[in-house]
Amino acid sequence: MSTAMFGAPVRRHEDARLLTGAGRYLDDLGHRALAAAFVRSPHAHARVSDIDVTAAAEVDGVVAIFTYEDLTGRMAEPLPLLIPHPALHAPRTAYPLARGEVNHVGEPVVMVVARDRYLAEDAAARVVVSYDPLPAVVGLPAARSARHAVHPDVPDNVAAHLVQAVGEVDTAIAAAPHVLELDLEIERSASTPLEGKGVYARWNSDEGSLRVYTSTQASTSVRAAVAAKLGLPLVKVDCIAPDVGGGFGVKIVHPWPEEVLVAWAAQRLAALAPEGIKWTEDRWEHFVSSAHERGQLQHVRVGFDSDGRLLGLDVTIWHDNGAYTPYGIIVPIITSTQLLGPYKPGAYRCEFFSLYTNTVIVTPYRGAGRPQGVFAMERTMDAIADHLGLDRAEVRAVNFIAAEEMPYDQGLIFQDGRPLIYDSGDFAATLDKLKALVGWSDFQAYREQARAAGRRVGIGLACYVEGTGVGPYEGGHVQVETSGKVMVATGLTSQGQGHQTVLAQIVADELGVDFDDVEVTTGDTRRFGYAVGTFASRAAVMSGNAVALAARKVRQKALRIAGEALEADPSDLEIVSGVVRVKGAPASAIPLSTVAVLSNPLRYAFDEAAKAATQFAVGDTSKPPVAEDDEPGLEARDFYSPTQSTFANGMHAVIVETDPDTAEVRVLRYCVVHDCGPLINPMIVEGQVHGGVAQGVAGALYERMVYDDAGQLLNASFMDFLMPYASEIPTVEIDHLETPSPLNPLGIKGAGEAGVIPGSAVIASAIEDAEGFVIRRMPISPSELFELRASYAAGRVPGLRRTSGERTDPRTRPGHSPDNDSPDNDSPDKET
Amino acid sequence: MSGGRITALKPAPFGYSAPASLAEALAVLAEVGEHAKVLAGGQSLLPLLSMRLAAPRHLVDINRVPGLDRVEIVDGSVRVGALVRHTDLERHEGAAAAQPLLRQALRLVGHPTIRNRGTCVGSIAHADPAAELPGVLVVLGGRVEASTAWGSRQVPAAEFFLSPLETALRPGELATSVSFPVAGPRTGTAFVELSRRRGDYALVGVAAVVELAPDTSISSARVGLVSVGPTPLLVDLSEVLVGRPGGARELAAAAALALEHAEPEADIHASAQYRARLVEVLTTRALAQALANASHEEAA
Ligand SMILES: Cc1cc2nc3c(=O)[nH]c(=O)nc-3n(C[C@H](O)[C@H](O)[C@H](O)COP(=O)(O)OP(=O)(O)OC[C@H]3O[C@@H](n4cnc5c(N)ncnc54)[C@H](O)[C@@H]3O)c2cc1C
């Protein structure tokens, strides 16, 4: 056996290329293509009364200008609703170009095609669009009030309403000895990959075919969507995701208006655009016309016993889905199910309203609804602990699902339409590791020490469970070439995560070849046409298992052919470093390259090695050269399709320091314990955790989308949207557990989103601990913390019981009867 | 840059010249006058062009003009030519010794990549009310040399900054250098600011200069405040500090006086109250540091 690659911190195959500027991103392609630019709505809500393109058409170099009126066939229909759901009773999607009405600033209204982007922008600036402004619905309170409607035929602004329940929550809460209510709020952020979107399409008039390059997370699905919109047979459309400079969710949405418009225009203008048409999104466009996430209001009502054990949990969520719902209601579904984390909630009821606003659409961003759910659950855990005067870690521990209880059915339906059943995990062990890593038990001493030096510090923790590796399927193709090189293809895409490395590690082990001999292609429909896409921490689980299964098939075939050549039983053979040999008799061997030659019976010797497979060189003349149930070639493809998701989990703890004068928040330590099953490549997993934590810290302390009441995004640039720099991100300390999944051949779970999920929850927990008053809303800036301190001082924000010394553990309070079942034994400390 | 409406990230058409001498640069500026913009490091101008928030008809790129890249210590001033990059001045030992406030402030300007290209004079000509160097020029009482084809004039700092992004430079004038007075004996300086991310423009920034008398009591004290007014603000704190040692209570009184002169406003990053609080906290911190540096000077 070659040294095992699975589990080794192998250096990323991609890096030499990407780090030396040899990557090929969308804008590196199509230098001679025409350029598209878009006239976008400056209004959040308006009727388009007139479009005058006369002046624009006069700009030198303009090739074409399109409005909605020019769209033909299925291009004139709304963009597809990607994920329908019965609870999404009022779905709305945009037209590729606005049809009479615009619903958010940035919505495309006119498309200009010109010789280059500068000219296209000059012309776009001369297009005169007349608008009749309508009242804009901005923010969840405005959407809920329904004083104005985003879509006239949805007067209450409710796109979807879903209730899931397990048990009788009202009864459970009524019977609970303690009840608390919390109002929570989390603001918008966004994926903001360093490379925005982009699409480059070229029509081949000779072949009547279209090639589309797009910076996407789902090339097979873009292909299908473009073919459907343009009425082309699928085989006439290729779609390729070149190097993609980050996605984080925003590029799973498709087809974007620009994707279909550029493809459509490339075909329509073929004679004028022999080199195709390209559009590269600029940063401003990305802010106002791609997608955002996170914005929710939540109301939690929880009943619990004196150990902090949950008896009933009732959560209502108002989710801001922006102007349209192309991606369905995946985000709030994930919030409402993954909110439960590692806990048993007792009776549970979760109701959400997904609401329209005149803002950019909301679709999954790394974490995809989980950060909000974890925020709700973990704020609740902290509130319970503070209410009872118990240790925050202990309150969590009493609610954990035990390792012996796995698999554990939460009784809900998950985002993939399947039951929410946790496959494995050892939450108590994870928590023990976290407490040891951060020094949970020693913190009080540290706090005293810091306090004596005039410093204010706090500690927080947060736990999560993450459904990863959702279906329906992925496939893999593995081919050993006659050079001995192994070519692997999978249809899902890569945005820099390291798929090429990880999949090569898996295939190298399965096949018994050197890692360097394996080359992996992702996201190219010419190589593999069936795929779902890269999202939901699914690539390693789905494509990893698929390429492993395909490699196993290839291995079997190689052993069979080599067995014939070596006159040995295949079960006596092994493959080591690309050579098939008899176990214990390594002299009796044949290289895989030769096996590849033999696998393909030939008439013509195209090179020296091929001679071995020609008709006068091999073969039992009594049998057909290719057996009845065989195929030529040393290659195979296979698919992996699980019955359900596999559930990773983790826990984070942070120590923060808050400046008593300036209210700045510094993260002194950030500790992560993470369990995604066996690690294929620990270095890559840690990198994923680092990046996730960076985005978690970003969402907690820096990033937000600042809309004014008119629906203008006030911080649509990296100057004012405060994506943190490396200097703002703490060192991340990581420890792992490796609880295998029983669900898939490799036993693995996804790791892509983990790092970001508990960011706002854990930092809120620590700030609250440092400050001594409740934090109910994230993100938080120094200015806001300063204002909160003033509100607390004025009695408008409740303090923590543990710091105000209001009281201690109720079980030890004189005169307290633990049997008292009156629900208002603790009157709900409802906040405003 | 919040507020303006962005509509694209590609500049509108413009003319361009790259003169090879100062005389030629001044001649071109004289010709194109009010429709021209000088292009120095481009770190502020190019984003404005790309967002079409500015659309000058002509750019005069001064990067090939010889002789503008000198740092000289002459006539009691550090004289900084129009092509001296932030990094050049930050690393200039002579300048740091002559006027320590320069290095203290320059370290806070953007990031190394921006400082490698951006110019000190450009930063002052650009007159962003949150920028560090305008605050330094004001607190030190420096001046700007403004040149045209017909001659040059010296504009004192106090008269140079008119409003956000607006200065006393006239159409066709090139700022050829700025001069920062060197520090006197027993003088300490400090630049303290708070920005949301390292290298960002400050929410509030305070440049402090404190001079000690031979008996180590304070003989003069002033601060330059940035990001709390349309231009950098100079506040003379002598009335509360002169003749005193600079204890905690005196610094608090000085901070309160500084706040009286500040005009903090709310924006999307900070409330007006918070900015006001920062004026006090950062003024106190800057004065304390400047005092410590002055005592250190004195001891040396
Ligand atoms: C990401 C980023 C962060 C930054 N952070 C900071 C920061 O924290 N603090 C800070 O102070 N700055 C910051 N800056 C701005 C930077 O310091 C610029 O270098 C500086 O503001 C302008 O200098 P410049 O040479 O680049 O000028 P340019 O961009 O070339 O010009 C700016 C303006 O000044 C005019 N101008 C330039 N030189 C002259 C001259 N000699 N005579 C007449 N007019 C002239 C131009 O016409 C233009 O109007 C940042 C910039 C970026 C991109």
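Within the option set B:Leu241, B:Leu234, being open to solvent by 20 Å² or more (accessible area, probe 1.4 Å) and either modelled with pLDDT under 95 or touching a helix residue (DSSP H, G or I) at 6+ places or on another chain (Cβ under 8 Å) (or both) holds for one residue only, B:Leu234. Considering only residues of the stretch A:411-454 that are part of a loop (DSSP other than H, G, I, E, B) and open to solvent by 70 Å² or more (accessible area, probe 1.4 Å), which is farthest from A:Val732 (Cα to Cα)? My answer is A:Arg418. The strands (runs of 3 or more DSSP E) found entirely in the stretch A:116-193 that carry 2 or more residues being within 14 Å of another protein chain (Cβ to nearest Cβ) are A:128-133.
Of B:Ser77, B:Ser50, B:Ser44, all but one fail to be buried (at least 17 other Cβ atoms within 10 Å of the Cβ), modelled with pLDDT of 95 or more and within 14 Å of another protein chain (Cβ to nearest Cβ); the exception is B:Ser44.
Entry remark, the stretch A:272-293: residues being farther than 22 Å from B:Leu53 by Cα, of a type in the set (Gly, Ala, Ser) and within 20 Å of the chain's Cα centre (by Cα) number 2 in total.
Only one entry of B:Thr189, B:Thr167 meets the criterion of being away from the ligand (no atom under 11 Å from the Cβ) and open to solvent by less than 50 Å² (accessible area, probe 1.4 Å), and that entry is B:Thr189. Can you confirm whether A:Ser289 is under 30 Å from A:Leu140 (Cβ atoms) and either within 14 Å of chain B (Cβ to nearest Cβ) or modelled with pLDDT of 95 or more (or both)? Yes: the conditions hold for A:Ser289.
Any residue at all in the stretch B:161-173 that's of a type in the set (D, E, K, R) and within 14 Å of chain A (Cβ to nearest Cβ)?
The first filter runs over the stretch B:161-173 and keeps only residues of a type in the set (D, E, K, R), leaving B:166, B:170, B:173.
Applying the additional criterion that residues be within 14 Å of chain A (Cβ to nearest Cβ) yields none.
Checked the stretch B:161-173: no residue is of a type in the set (D, E, K, R) and within 14 Å of chain A (Cβ to nearest Cβ).
Would you confirm whether or not the stretch B:205-218 contains a residue that is assigned to a loop (DSSP other than H, G, I, E, B), within 14 Å of another protein chain (Cβ to nearest Cβ) and surrounded by fewer than 22 Cβ atoms within 10 Å (Cβ to Cβ)? No, that holds for no residue.
Of the residues in the stretch A:625-635, at least one is under 30 Å from A:Ser537 (Cα atoms) and open to solvent by less than 80 Å² (accessible area, probe 1.4 Å).
Restricted to the stretch B:90-108, and to residues there that are surrounded by 24 or more Cβ atoms within 10 Å (Cβ to Cβ) and within 12 Å of the ligand (Cβ to nearest atom), the residue that is farthest from B:Val209 (Cα to Cα) is B:Leu106.
Here's the yes/no breakdown for (1) more than 21 Å from A:Gln495 (Cα to Cα); (2) open to solvent by 10 Å² or more (accessible area, probe 1.4 Å); (3) polar (S, T, N, Q):
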| position | (1), (2), (3) |
| --- | --- |
| A:Thr192 | no, no, yes |
| A:Ala218 | no, no, no |
| A:Ala225 | no, yes, no |
| A:Cys239 | no, no, no |
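If you check B:Thr283 against the conditions, is it within 19 Å of B:Gly188 (Cβ to Cβ), among the polar types (S, T, N, Q) and buried (at least 24 other Cβ atoms within 10 Å of the Cβ)? Considered against the rule, which asks whether it is within 19 Å of B:Gly188 (Cβ to Cβ), among the polar types (S, T, N, Q) and buried (at least 24 other Cβ atoms within 10 Å of the Cβ), B:Thr283 comes out as yes.
Of everything in the stretch A:652-685 that is assigned to a strand (DSSP E or B) and farther than 19 Å from A:Ala726 by Cα, the residue that is farthest from the other protein chains (Cβ to nearest Cβ) is A:Asp675. Of all the criteria given as (1) buried (at least 18 other Cβ atoms within 10 Å of the Cβ); (2) at pLDDT below 95, the one not satisfied by A:Ser2 is (1). Restricting the first member to the stretch B:17-38 and to residues that are outside any loop (DSSP other than H, G, I, E, B), and the second to residues that are of a type in the set (Ser, Thr, Tyr), the beta-carbon pairs closer than 7 Å and six or more apart or on different chains are B:Leu26/B:Ser147; B:Leu26/B:Thr148; B:Val28/B:Ser17; B:Ala30/B:Thr148.
State whether one or more residues within the stretch B:115-122 are touching a Ser or Thr at 6+ places or on another chain (Cβ under 8 Å), within 8 Å of the ligand (Cβ to nearest atom), charged (D, E, K, R) and in a helix (DSSP H, G or I).
Among the residues of the stretch B:115-122, at least one is touching a Ser or Thr at 6+ places or on another chain (Cβ under 8 Å), within 8 Å of the ligand (Cβ to nearest atom), charged (D, E, K, R) and in a helix (DSSP H, G or I), which makes the answer yes.
The criterion of at least 3 residues that are over 24 Å from A:Leu18 (Cβ atoms) is met, among strands (runs of 3 or more DSSP E) falling completely within the stretch A:197-316, by A:198-204, A:296-304. Against the numbered list (1) under 30 Å from A:His499 (Cα atoms); (2) open to solvent by less than 40 Å² (accessible area, probe 1.4 Å), A:Val656 comes up short only at (1).
From the list B:Val235, B:Val279, the one residue that fits, being of a type in the set (Val, Ile, Thr) and within 14 Å of chain A (Cβ to nearest Cβ), is B:Val279. Filtering the stretch B:131-144 to residues that are surrounded by fewer than 22 Cβ atoms within 10 Å (Cβ to Cβ) and within 7 Å of the ligand (Cβ to nearest atom) leaves nothing. Of all residues in the stretch B:238-271, those satisfying the criterion of being closer than 12 Å to B:Ala221 by Cα and within 14 Å of another protein chain (Cβ to nearest Cβ) are B:Leu251, B:Ala255.
Determine whether the stretch A:698-705 contains at least one residue that is within 14 Å of chain B (Cβ to nearest Cβ), within 16 Å of the ligand (Cβ to nearest atom), open to solvent by less than 40 Å² (accessible area, probe 1.4 Å) and touching a Pro at 6+ places or on another chain (Cβ under 8 Å). Yes, there is a match, as at least one residue in the stretch A:698-705 is within 14 Å of chain B (Cβ to nearest Cβ), within 16 Å of the ligand (Cβ to nearest atom), open to solvent by less than 40 Å² (accessible area, probe 1.4 Å) and touching a Pro at 6+ places or on another chain (Cβ under 8 Å). Here the helices (runs of 4 or more DSSP H) wholly within the stretch A:723-804 that include at least 2 residues being away from chain B (no Cβ under 14 Å) are A:759-771, A:801-804. Scanning the stretch A:360-410 for residues that are open to solvent by 10 Å² or more (accessible area, probe 1.4 Å), of a type in the set (D, E, K, R) and either part of a helix (DSSP H, G or I) or touching a residue at least 12 places away in the same chain (Cβ under 8 Å) (or both) yields a total of 7. Only residues that are open to solvent by 60 Å² or more (accessible area, probe 1.4 Å) and either in contact with a Pro (Cβ under 8 Å, 6 or more places away or on another chain) or free of Cβ contacts under 8 Å to residues at least 24 places away in the same chain (or both): list them for the stretch A:59-76, please. A:Glu69, A:Thr72 - these are the residues of the stretch A:59-76 that are open to solvent by 60 Å² or more (accessible area, probe 1.4 Å) and either in contact with a Pro (Cβ under 8 Å, 6 or more places away or on another chain) or free of Cβ contacts under 8 Å to residues at least 24 places away in the same chain (or both).
The values are calculated or read from the model by the stated rules, or taken from the named source; none is laboratory data. For clarity, every value in this text was computed on a predicted model and none was experimentally measured. Because the Cβ atoms are built from the backbone with ideal geometry, glycine has one as well, and the counts that use them run over all protein chains shown. Note: accessible area is taken over every heavy atom of the protein model, side chains too, but ligands, DNA and RNA are not part of it. Shrake-Rupley method; radii C 1.70, N 1.55, O 1.52, S 1.80 Å.
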